[in-house]
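Have a look at the structure below before the remarks.
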Protein chains: 2
Amino acid sequence: MTARGDGSRLAPTADEILARASRAFDVARATPSARLASWIDAVSHTLEASREVLVDIADDETSLGRARLDSELSRTTSQLAGFAEAVREDRLGFPPIATSRGDSSPHLNRIMVPLGPVAVWAASNFPFAFSIVGGDTASAWAARCPVIVKAHSGHPRLSREVFRLARHALDRSNAPADFLQMIDDRRLAEAVLVHSSTAAGAFTGSTGVGRHLFDLAVSRPDPIPFYGELGSVNPVVLTHDAFIARGEEFAVGFVDSLTLGKGQFCTKPGVVLSTDGVELAAFIGRAAADRALGRLLTPNIEDAFHQAMGSIENEEGVVTVRPARLADGSWSAGFSLVEAALVVHKPELIREERFGPHALIVSCSSDNEVLEVLEVMDGMLVGCIHSQSLDGPGVRDIVDILVRKSGRVVWNGWPTGVAVAPEMQHGGPYPSSTSALFTSVGLDAVRRFLRPVVLQDFPEPLR
Amino acid sequence: MTARGDGSRLAPTADEILARASRAFDVARATPSARLASWIDAVSHTLEASREVLVDIADDETSLGRARLDSELSRTTSQLAGFAEAVREDRLGFPPIATSRGDSSPHLNRIMVPLGPVAVWAASNFPFAFSIVGGDTASAWAARCPVIVKAHSGHPRLSREVFRLARHALDRSNAPADFLQMIDDRRLAEAVLVHSSTAAGAFTGSTGVGRHLFDLAVSRPDPIPFYGELGSVNPVVLTHDAFIARGEEFAVGFVDSLTLGKGQFCTKPGVVLSTDGVELAAFIGRAAADRALGRLLTPNIEDAFHQAMGSIENEEGVVTVRPARLADGSWSAGFSLVEAALVVHKPELIREERFGPHALIVSCSSDNEVLEVLEVMDGMLVGCIHSQSLDGPGVRDIVDILVRKSGRVVWNGWPTGVAVAPEMQHGGPYPSSTSALFTSVGLDAVRRFLRPVVLQDFPEPLR
């Protein structure tokens, strides 16, 4: 019995869903690491074995293209395999910083225990890697937490197929199939989030929806952690020396990064800051010209982008080269040029995330103005600086403020293309995430679903 | 200039307080570890040097007694010294679980950065260890976060004196004195918590006040972490074999733990569960008789305890031996005997924390009923089991549920007397704390005030 709202059965209630999740949790808690790892591996292998079918469906349902979808599926299966390996090698024990010296009294053994069932919201823009069995699900599983995932309406058939395959793989591994449940209905997902048996939530999506869910999670009679990856406006600073040395090359790289995924990544470089703004805008305009980017993810996203463009175009003091909607429904990239003083005066210009292939070029009259603009920006996932030297004017101050406001700072590089490396930090100050103390990418993501318990003076066999 | 509301100067506004804290933060962020450690050490030494004066004032203002106050001051100064040592030895870097193998691209260096100014609420029941420069302040400092502490009204002179000494010590160490600020006013403290420059809150106190502050912190435009240690009802399970072997000895140990600090510890064993409830009640009654415990902490706490006693005394089905208020205003310990079935039917009986020297003895008709009662209990700081063997009936199930519901589980011991050991976990599921993923005691407490940032492809000198 599944939690599908496909009409083939009466949709289950939140109580029923959590009763199943709790039973699966009891089994998972008592399962040795090697076994748990084999469950997660089985899901990874099953998706690999169905690669062609899955990419076909995803290609049918999204505009991302087979190459990207293929590599995203690889990322997803290797993410699962990576967590399985960490579980098998018992690397998720998270010992304390230090332990008592010698034979201290009392004897304390700190272990990490899973929180309980986790509600996960799939994202629109990563139909594999942040969806049914994406990073949130994989890391919750590695902590022994069953997952109830809210499928994204942007890729319903793919969600159902991945869900079917994953349940089948769990079942064949003698895992409780309810280690994964799926929901289509938004209201039911919210009922799951506020259910007393649900122990945490994880979300990737818009600031509006994410904040709404965060508010539900923290206003429960017993608040639970809610890990939301919301919106982020990610700046790239170009110093004057770097502009002189390689301004045109920078512009090409910037547009490449901006248009990756058609500007629909949370790591999109939405803002560039430069003391050579006007000349840089010319370079960027040239680099962006004639790039047909295809359709955006969903009609809703296209509408929202259209509106955001209309609104920025009407801003006084902002010169906008609007992304063109080509005859085939495809988009080109666009950008707006604005002076720093206006942004400082009206920070909402730079705080709004415009999801899609558009960037704000902020023309600064001094290095100091670069800092002033960064200062009015909200928390961000990632900030970048391009500079020829470490000691250039303002460089240390720029790095300092980027460290203070973000979860990742890139030197002479681009924010897109998050390396799925064990030490990655994906999550910065609000609103880029609801809890900057944790990451949603990399092995440490499992920490979100574990808590420490100390066993005091326990006899050896029970420790 | 200080944030004292003592009328000698105009009280500062939250804006002024946070402007000072932010300047202190800028200095602290740029301060090498050895220097930071010397600041914290200086505060510890200064308090040691003023031990007699401080214990005098504390003895004047509280009913805790010199012996307890003396050892609590020792705990406080050694806590500060312990964090200073960890800072000096750079043990607070918290590397990720794993790092990329070999020369991977991109190069990622994960560092931990401080969150920013922290608002701390002092507790009534630990005038040193959870007050002006208690564990919350020490761990925030170790993370390089300046602290604004709300003094508790239960010991105002002591708070002012500790504050004065700490500021003086900071000043002589060439630290910014505003690394520590103090507030007396409740409303001003709340304004500080919701100020945009405040990055976290930490609190030890009642569930009501703690939840109110938590709600303020998470409903900000940019929610911040709020680490609250709220109320906790901590159960002790006595198995039948342990009752047979040492029931009377258990009763004495239980009353010792119950009356430690006159029942005013968050770790007080508020509930005992036994299949030999009536006989155990007789033992406990005997052990508790004629213990004059002195006054409770404050008149407010005495009133609240008086009310709670009146309310439980009137409960049908509950037999209460009310704590007696002796002629000198002192209290004896009291307890109530109740059958498990009634508690399962009416869980609020066991969920309410009765701050003071009183415990609920729950008489269970079977091991299964012990589990049923534990199941209706809220999250707790600590749970204990007394058993003669690992394989006795229900033992593994009892341990399992205590692990699931608490932050610490004690075998054949008592919940009070939290060892200030590096691996301690002090914090369990709600309401015992607002974030069970963190501890407020032990070196790992510093984690609450740090977040990871990845430096990507940074040149060596800037990493």
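Comparison of B:Ser365, B:Ser440 shows that the only residue that is farther than 30 Å from B:Arg110 by Cα, more than 7 Å from chain A (Cβ to nearest Cβ), polar (S, T, N, Q) and assigned to a loop (DSSP other than H, G, I, E, B) is B:Ser365.
Please enumerate the residues belonging to segment A:209-237 that are under 21 Å from A:Phe130 (Cα atoms) and acidic (Asp, Glu). Within segment A:209-237, just A:Glu229 meets the criteria.
Given the structure, is B:Glu85 more than 25 Å from B:Ala191 (Cα to Cα), within 23 Å of the chain's Cα centre (by Cα), within 10 Å of another protein chain (Cβ to nearest Cβ) and outside any strand (DSSP E or B)? The answer is yes for B:Glu85.
Checking each residue in segment A:238-271 for being under 27 Å from A:Phe130 (Cα atoms) and out of contact with any Ser or Thr (no Cβ under 7 Å at 6 or more places or on another chain) picks out A:Gly253, A:Phe254, A:Val255, A:Asp256, A:Leu258, A:Thr259, A:Gly261, A:Lys262, A:Gly263, A:Gln264, A:Gly270, A:Val271.
Taken over segment A:443-458, the criterion of being in contact (Cβ under 8 Å) with a residue 60 or more places away in the chain, at the interface with chain B (Cβ under 7 Å from one of its Cβ atoms) and not in a strand (DSSP E or B) is satisfied by A:Leu443, A:Asp457, A:Phe458.
In segment B:127-140, the condition of being of a type in the set (Phe, Trp, Tyr), buried (at least 24 other Cβ atoms within 10 Å of the Cβ) and closer than 22 Å to B:Arg51 by Cα is met by at least one residue. Per the conditions (1) under 12 Å from B:Val236 (Cα atoms); (2) among the β-branched types (Val, Ile, Thr); (3) touching a helix residue (DSSP H, G or I) at 6+ places or on another chain (Cβ under 8 Å), the sole criterion not satisfied by B:Val410 is (3). Against the definition (within 14 Å of chain B (Cβ to nearest Cβ) and buried (at least 20 other Cβ atoms within 10 Å of the Cβ)), how does A:Leu213 come out, yes or no? It is true that A:Leu213 is within 14 Å of chain B (Cβ to nearest Cβ) and buried (at least 20 other Cβ atoms within 10 Å of the Cβ). One residue stands out in segment B:401-420 among those that are in a loop (DSSP other than H, G, I, E, B) and surrounded by fewer than 24 Cβ atoms within 10 Å (Cβ to Cβ): the one that is farthest from the other protein chains (Cβ to nearest Cβ), namely B:Thr416. Restricting attention to segment B:58-68, the residues that are surrounded by fewer than 21 Cβ atoms within 10 Å (Cβ to Cβ) and either outside the structural domain of B:Leu158 (by TED's automatic domain parsing) or not in a loop (DSSP other than H, G, I, E, B) (or both) total 6.
When the residues of segment B:100-109 are filtered to those that are at the interface with another protein chain (Cβ under 7 Å from one of its Cβ atoms) and at pLDDT 80 or above, the one that is surrounded by the fewest Cβ atoms within 10 Å (Cβ to Cβ) is B:Pro106. Select, from B:Thr275, B:Thr267, B:Thr298, the only residue that is over 30 Å from B:Glu72 (Cβ atoms) and hydroxyl-bearing (Ser, Thr, Tyr). Answer to the selection: B:Thr275. Just one of the listed residues (A:Val252, A:Val236) is crowded, with 23+ Cβ neighbours inside 10 Å and either β-branched (Val, Ile, Thr) or assigned to a loop (DSSP other than H, G, I, E, B) (or both), and it is A:Val236. Write out, first by first residue and then by second, each pair whose Cβ atoms fall under 6 Å of each other, whose residues are 6+ apart or on separate chains, and whose first residue, in segment B:377-397, is free of Cβ contacts under 8 Å to residues at least 24 places away in the same chain while the second is of a type in the set (A, V, I, L, M). That search, which allows pairs on different chains as well, returns B:Leu390/A:Leu462. Screening A:Leu402, A:Leu390, A:Leu381 for residues that are in the same structural domain as A:Pro269 (by TED's automatic domain parsing) and out of contact with any strand residue (DSSP E or B) (no Cβ under 8 Å at 6 or more places or on another chain) leaves exactly one candidate, A:Leu390. A:Arg220 satisfies every condition listed in (1) touching a helix residue (DSSP H, G or I) at 6+ places or on another chain (Cβ under 7 Å); (2) within 14 Å of another protein chain (Cβ to nearest Cβ); (3) among the basic types (Lys, Arg) except (1). Quick check, is B:Gly356 surrounded by fewer than 17 Cβ atoms within 10 Å (Cβ to Cβ), in a loop (DSSP other than H, G, I, E, B) and at positive phi? No: the conditions fail for B:Gly356. Within this structure, B:Ser232 fails the test of being hydroxyl-bearing (Ser, Thr, Tyr), under 28 Å from B:Val409 (Cα atoms) and modelled with pLDDT of 95 or more.
Going residue by residue through segment A:298-313, is there one that turns out to be touching a helix residue (DSSP H, G or I) at 6+ places or on another chain (Cβ under 7 Å), in contact (Cβ under 8 Å) with a residue 40 or more places away in the chain and either assigned by TED's automatic domain parsing to the domain that holds A:Ile361 or closer than 30 Å to B:Arg211 by Cα (or both)? The answer is no, given that none of the residues of segment A:298-313 is touching a helix residue (DSSP H, G or I) at 6+ places or on another chain (Cβ under 7 Å), in contact (Cβ under 8 Å) with a residue 40 or more places away in the chain and either assigned by TED's automatic domain parsing to the domain that holds A:Ile361 or closer than 30 Å to B:Arg211 by Cα (or both).
Screening the candidates A:Ala129, A:Ala199 for the property of being touching a helix residue (DSSP H, G or I) at 6+ places or on another chain (Cβ under 6 Å) and not assigned by TED's automatic domain parsing to the domain that holds A:Gly407 yields one hit, A:Ala129. Evaluating B:Pro461 against the criteria (1) modelled with pLDDT under 95; (2) in a loop (DSSP other than H, G, I, E, B) leaves one unmet condition, (2).
Of the residues making up segment A:60-107, those that are of a type in the set (Ser, Thr, Tyr), touching a helix residue (DSSP H, G or I) at 6+ places or on another chain (Cβ under 8 Å) and under 26 Å from A:Ala142 (Cα atoms) are A:Thr76, A:Thr77, A:Ser78.
Would you pick out the residues in segment B:421-437 that are part of a loop (DSSP other than H, G, I, E, B) and of a type in the set (Ser, Thr, Tyr)? Once the filter is applied, which keeps residues that are part of a loop (DSSP other than H, G, I, E, B) and of a type in the set (Ser, Thr, Tyr), segment B:421-437 yields B:Tyr430, B:Ser432, B:Thr434, B:Ser435. State all residues of segment A:108-134 that are more than 30 Å from A:Gly65 (Cβ to Cβ) and of a type outside the set (D, E, K, R); if no residue qualifies, say none. Correct list: A:Leu108, A:Asn109, A:Ile111, A:Met112, A:Val113, A:Pro114, A:Leu115, A:Gly116, A:Pro117, A:Val118, A:Ala119. Taking the criterion of being part of a loop (DSSP other than H, G, I, E, B) and closer than 22 Å to A:Ala30 by Cα, the residues of segment B:388-400 that qualify are B:Ser389, B:Leu390, B:Asp391, B:Gly392, B:Pro393, B:Gly394.
If only residues of segment B:67-82 that are more than 14 Å from chain A (Cβ to nearest Cβ) and hydroxyl-bearing (Ser, Thr, Tyr) are counted, the one that is farthest from B:Arg451 (Cα to Cα) is B:Ser71. Looking only at residues of segment B:293-330 that are part of a loop (DSSP other than H, G, I, E, B) and modelled with pLDDT of 90 or more, we find that the one that is nearest to B:Glu61 (Cα to Cα) is B:Asn314.
The values are calculated or read from the model by the stated rules, or taken from the named source; none is laboratory data. Just so we're clear, the structure is a prediction, and the values are computed from it rather than from any experiment. Counting neighbours? That spans all protein chains shown, and the Cβs are built from the backbone with ideal geometry, glycine included.
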